[in-house]
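Step one of this worksheet: look at the structure below.
The values are calculated or read from the model by the stated rules, or taken from the named source; none is laboratory data. The structure displayed is predicted, hence computed values, not measured ones. Cβ coordinates were reconstructed from backbone atoms using ideal geometry, including for glycine residues, and neighbour counts include every protein chain displayed.
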Amino acid sequence: MNEILKASNLSKHFGGLMAIDDVSFSIYEGETLGLMGPNGAGKTTLVNLITGKYFTDTGSIQFMGKDITRMAPYKRCKLGISRTYQIPRPFPELTALSSVIVSALYGKDRSNQSLDDAGYEATHYLEFCGLFSKRNVLCKDLTLYELRGLELARALATTPKLIFVDEVMAGLNPAEATKAVRLLERAKEEFGVTILWIEHVMAALMKAANRVVVLHYGKKIAEGLPQEIANDPLVIECYLGSCHV
Amino acid sequence: MELEVKREKLVFRFGAQKFEWNIEPRYWRNPLIYVGLLIVLPILAYFFYPTLLPTLIDANLLAAIAIPLSWMTLGTGRMNFGPQFYIGAGGYAAALCSIHLHWPPQVTLLAALIVGLFFGLLMSPLAILSGGLYYTLLTLLFPLVFLEITFIYTDIFRGEVGLSGIAPLINVGSFTLNQLIIGLGALLMMLLYMFIVDKVMRSRFSTSLAAINDDEEVAAAMGVNVNKMKIISFTIPAVMIAVVGWFYAHYYGTFAGVTYLPLTFMLKVLMVNMIGGRVQIYGNVVGGYFIAFLELLLIQVIGDYSPVLFPIILLILLLTLPEGLFGLYRKRHYREYLPTLHVRR
């Protein structure tokens with residue numbers, strides 16, 4: 001498998017708090033990499049570093065052999081990095097269709113694409129996520145489950161190579177969560193995307209992930225196959241509360 | 001010749017020929033009807049009530065300021081409280097060039113454009129660097145600083161008296177006819193601005209502006225070059241507003257900062273924006289006419305008290321109609337948010 005993303009010695013601090021401390025890992029093309037860790041472990045910060053919301057203090061990030069450490073977020077998106085948010089962040093005053101159109105138009109350099117063409121393309125992604133009937137509904141009027149679907153549609157419309165999925169199951173009931181996981185699996189199959197999946201629900205992650213990386217207090221404490229991680233004494237200690245890294 | 005009103009239909013017979021026009025509400029949205037009405041209004045005023053012409057000119061100019069301001073507000077995601085700065089810049093550029101260099105209006109227009117572009121580009125980084133409230137405060141401050149400058153450098157700007165002797169926009173010998181032509185010119189400018197901004201709002205560019213307005217960070221994560229869009233959305237409207245300043249200077253023949261730069265004028269422009277609907281370009285026309293006529297009505301009815309009552313009425317309207325007059329329509333037709341896209345499955 002080809003290495004799609006390589007993060008080397010990433011560090012980030014906010015004032016006196018070391019949010020990410022010398023973290024290195026790689027993501028391989030076509031895999032689903034799980035990112036685990038207790039609350040405040042630095043999972044979302046790590047995603048923010050890779051997608052460009054924050055710049056790293058030290059270390060480097062390479063995406064498909066290209067250094068993107070200091071690259072603006074929109075350029076990273078055009079290269080093929082997309083994300084969803086832990087707490088959905090829709091464009092509240094736009095309709096579902098319009099908000100996916102934004103991604104379809106700007107996610108790649110398509111200077112000749114018209115608004116209508118982008119509309120047709122966006123329709124495809126909305127339909128994939130089961131939101132076609134909601135296309136003309138304002139995003140602020142959608143339910144949480146629909147917003148999760150919309151976030152995925154928006155991310156897929158940028159035609160990414162790598163998607164960061166941040167706690168897709170948070171706030172959903174078991175039936176909705178199962179549907180959301182199935183949707184992610186289908187997205188991987190149909191669009192051939194690589195996924196980095198942050199999740200608290202271990203059962204789902206253990207089933208879906210090819211490999212798992214575990215963070216604790218900003219440090220990487222384990223990396224390996226899901227079964228290895230599940231049996232790792234350090235990971236168990238961290239989750240049960242007696243671990244100090 | 002025969003005119004017949006049928007159900008949902010207007011039938012016009014001329015000899016053997018028959019013309020039909022549907023009057024269903026959905027056909028009322030044809031913008032040509034409203035453009036036609038706006039053109040007819042100053043012509044009617046010219047023949048029947050010429051004293052109304054300055055109010056119509058005012059209404060069109062207010063709308064012409066508010067329309068680009070809507071674009072600026074949407075594209076930067078922030079409320080600019082100092083659009084009158086660009087009126088001042090364009091107006092003074094035109095006035096100074098006209099008085100000292102004896103340039104005709106068509107040449108001073110170029111000067112106003114260049115000065116507007118310069119200040120627009122100079123200040124556009126504000127939209128990137130400063131957050132919502134700071135941006136608002138800074139934009140509020142600039143016209144006041146400019147006003148102070150006009151008082152300090154009286155040899156250039158002539159302070160409170162202002163610059164006079166500016167070449168008139170047009171002179172055909174008759175004052176009323178001049179007013180009519182200027183009124184139609186102001187209307188043309190407003191319609192041109194509306195056409196430009198409407199085109200922008202219906203283009204692929206608009207989706208990025210709407211995304212920036214809603215959430216800059218997410219827009220950037222979805223591939224929108226937020227900084228570029230903000231600079232464009234700041235600079236072009238600034239130039240458009242500067243041209244309105246040029247129009248004011250040549251229309252009145254005098255230009256004083258004290259008329260346009262203080263908060264009272266800003267309040268009027270922002271009210272046009274708010275009454276019409278914050279970023280509704282068609283609403284700005286409704287707002288412009290509403291404010292201009294309300295001001296006229298108050299001056300005629302209550303005279304001296306109008307400066308006090310005018311803002312109070314506007315504040316009440318703001319409280320009762322937070323989304324503006326156009327917002328009332330929008331609430332009932334929320335599917336028509338621009339861009340309106342009709343998709344096939």
**Message:** Being under 13 Å from the mean Cα position of the chain (by Cα), more than 9 Å from every other protein chain (Cβ to nearest Cβ) and assigned to a helix (DSSP H, G or I) is the filter here; which residues of the stretch A:150-171 pass it?
**Reply:** A:Glu151, A:Leu152, A:Ala153, A:Leu156
**Asked** Is one or more of the residues making up the stretch A:61-81 farther than 30 Å from B:Arg202 by Cβ, among the polar types (S, T, N, Q), assigned by TED's automatic domain parsing to the domain that holds A:Val213 and in a strand (DSSP E or B)?
**Response** yes
**Complete:** Looking across the stretch A:115-133 at residues that are more than 7 Å from every other protein chain (Cβ to nearest Cβ) and hydroxyl-bearing (Ser, Thr, Tyr), the single one that is nearest to A:Arg89 (Cα to Cα) is A:Tyr125
**Prompt:** Within the stretch B:214-238, which residues are of a type in the set (D, E, K, R) and at the interface with chain A (Cβ under 7 Å from one of its Cβ atoms)?
**Reply:** B:Asp214, B:Asp215, B:Glu217
**Request:** Take B:Val197 and decide whether it is more than 25 Å from B:Asn80 (Cβ to Cβ) and of a type in the set (Val, Ile, Thr).
**Result:** no
**Prompt:** List the pairs whose first member sits in the stretch B:38-52 and is farther than 19 Å from B:Leu191 by Cβ, whose second member is of a type in the set (Ser, Thr, Tyr), and whose Cβ atoms are under 6 Å apart, counting only residues at least 6 apart or on separate chains?
**Reply:** B:Pro50/B:Thr176
**Hey, B:Ser203 surrounded by fewer than 20 Cβ atoms within 10 Å (Cβ to Cβ), over 20 Å from B:Gly75 (Cβ atoms) and of a type outside the set (A, V, I, L, M, F, W, C) or not** = no
**Request:** Answer with yes or no whether B:Gly185 is in contact (Cβ under 8 Å) with a residue 12 or more places away in the chain, more than 14 Å from every other protein chain (Cβ to nearest Cβ) and in contact with a strand residue (DSSP E or B) (Cβ under 6 Å, 6 or more places away or on another chain).
**Result:** no
**Prompt:** Taking the stretch A:50-77 as the region of interest, how many residues are within 14 Å of chain B (Cβ to nearest Cβ) and touching a residue at least 40 places away in the same chain (Cβ under 8 Å)?
**Reply:** 4
**Asked** Could you say whether any residue in the stretch A:106-122 is modelled with pLDDT of 90 or more and under 28 Å from A:Ala175 (Cα atoms)?
**Response** yes
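Answer yes or no as to whether B:Leu140 is surrounded by 14 or more Cβ atoms within 10 Å (Cβ to Cβ) and at pLDDT 95 or above.
Against the criterion (surrounded by 14 or more Cβ atoms within 10 Å (Cβ to Cβ) and at pLDDT 95 or above), B:Leu140 does not qualify.
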**Residue among A:Asn136, A:Asn112 that alone is over 15 Å from B:Ser208 (Cβ atoms), part of a loop (DSSP other than H, G, I, E, B) and either within 18 Å of the chain's Cα centre (by Cα) or more than 8 Å from every other protein chain (Cβ to nearest Cβ) (or both)** = A:Asn112
**Request:** Using the structure shown, decide if A:Gly107 is away from chain B (no Cβ under 14 Å) and under 30 Å from A:Ser8 (Cβ atoms).
**Result:** no
